[in-house]
Amino acid sequence: MSDTGAFVYLVDDDVSVREGVARLVRSAGLMAKRFSSGDGFLAALRPKLPSCWVLDMALLAIGRGLSRLRVYQIAREFDARLEGRLDERLRVARELHDTMLQRFQASLAQMQAARNLFSRRHQATQNLERAITWRPKRLPRDGAQFRDYVVRRRIGGIWKSC
Amino acid sequence: MEPPRTRRPDCLVLDVCLPGMSGIDLHRHLVARNHKVPVVFITAHPSDDRARSEAASDWTVAYLIKPFSEDELLDAVNAALKWKARGETNRAKPRRSSHE
């Protein structure tokens, strides 16, 4: 893919995916813009108001209106920042659940299996070896499926299921 | 005074599951407002057939399952850019993911 100057917009709430895909797109000679939400993307599509206005005094009434508009814009930016922080916390919590907790759980299960077999020395060694060298190759997909299961049954109110 | 124009995307790489407005909702919103942007959907939910069917549209180029390879993504983006360049005529059917 040559340098076409084409713009690729990327919308993903996971910051690591967003950064990684953006780098990949840029490495292919394209330009990338990143957004963490659909609302952020739509806001970027709307025409932007200039940050500075030069007004005739006769346009004072309009100026007052614009001041109010600016206050409204600042309030919206503040709300968006607050919402972004909340989203980030939820994402971190979800990531902790999907990866760390499940990997820990899997390792613990392997260790427990090894402990249960300690009376049979040879099998215990083999199980411990498996626990040490275990690689969660299938974990990303299993994790996603597990998350779906949990979201549907237990905590749908916290994580939006789409 | 005319507001400055915002550069429109030539391709949109869109996560299906997003906080607030989902990727599917955003895509519907764009189509309803006649924003003609080819979309590459990405998702970590391979078993969600409903989302897959809802994502299908004339402007959906690919539906990739995470983790996807570099080639899969760049091929899809390349196809989307070609599609955009060709315009609405001679559109091919949406490309299917290799994870199906």
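Data for the structure
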{"read-out": "Ranked B:Phe68, A:Phe41, criterion: other C-beta atoms within 10 Å, fewest first", "value": "B:Phe68, A:Phe41"}
{"read-out": "Karplus (6.51, -1.76, 1.60) ³J(HN,Hα), θ = phi - 60°, over region B:69-86, in Hz, Gly and Pro reported as x", "value": "8, 4, 5, 4, 5, 5, 4, 5, 5, 4, 4, 5, 5, 5, 4, 4, 5, 6"}
{"read-out": "Peptides A:84-93, A:66-75, B:31-40, A:25-34 ordered by average Cβ neighbours within 10 Å, highest first", "value": "A:25-34, B:31-40, A:84-93, A:66-75"}
{"read-out": "Cα gyration tensor, region B:12-86 - rounded (a/c under 1.5), prolate or oblate", "value": "oblate"}
{"read-out": "B:Arg28-A:Arg23 FRET efficiency (beta carbon distance; Förster radius 25 Å; 0.05 resolution)", "value": "0.30"}
{"read-out": "Rounded to whole Hz, the Karplus (6.51, -1.76, 1.60) HN-Hα couplings of region B:50-60, x for glycine and proline", "value": "5, 4, 4, 6, 6, 6, 5, 7, 5, 10, 8"}
{"read-out": "Averaged over B:24-32, number of beta-carbon atoms from partner chains that fall within 10 Å", "value": "2"}
{"read-out": "Built amide H within the under 5 Å cut-off of B:Ile42, gap 5+", "value": "B:Leu14, B:Asp15, B:Val16, B:Leu64"}
{"read-out": "Charge dipole (region B:1-70, unit charges on Cβ, about Cα centre) - positive-most of B:Gly23, B:Ser53, B:Ser69", "value": "B:Gly23"}
{"read-out": "In sequence order, calculated HN-Hα J values of region A:25-37 (Karplus, 6.51, -1.76, 1.60; Hz; x Gly/Pro)", "value": "5, 5, 5, 8, x, 10, 9, 10, 10, 10, 9, 8, 8"}
{"read-out": "Under-5 Å amide H pairs with B:Thr60, H placed in peptide plane, nonlocal only", "value": "B:Val39"}
{"read-out": "Amide H contacts of A:Lys33 (H built 1.01 Å from N, under 5 Å, at least 5 apart or other chain)", "value": "A:Val8, A:Tyr9, A:Leu10"}
{"read-out": "Simple spin-label estimate for B:Ser57 and A:Arg81 in nanometres, 7 Å along Cα-Cβ", "value": "3.3"}
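Values quoted throughout were computed directly from the atomic coordinates according to the rules given, and no laboratory measurement underlies them. Note that the structure is predicted; figures quoted are calculated from it, not measured. Reconstructed Cβ throughout: ideal geometry from the backbone, glycine too, with neighbour counts over all protein chains shown.
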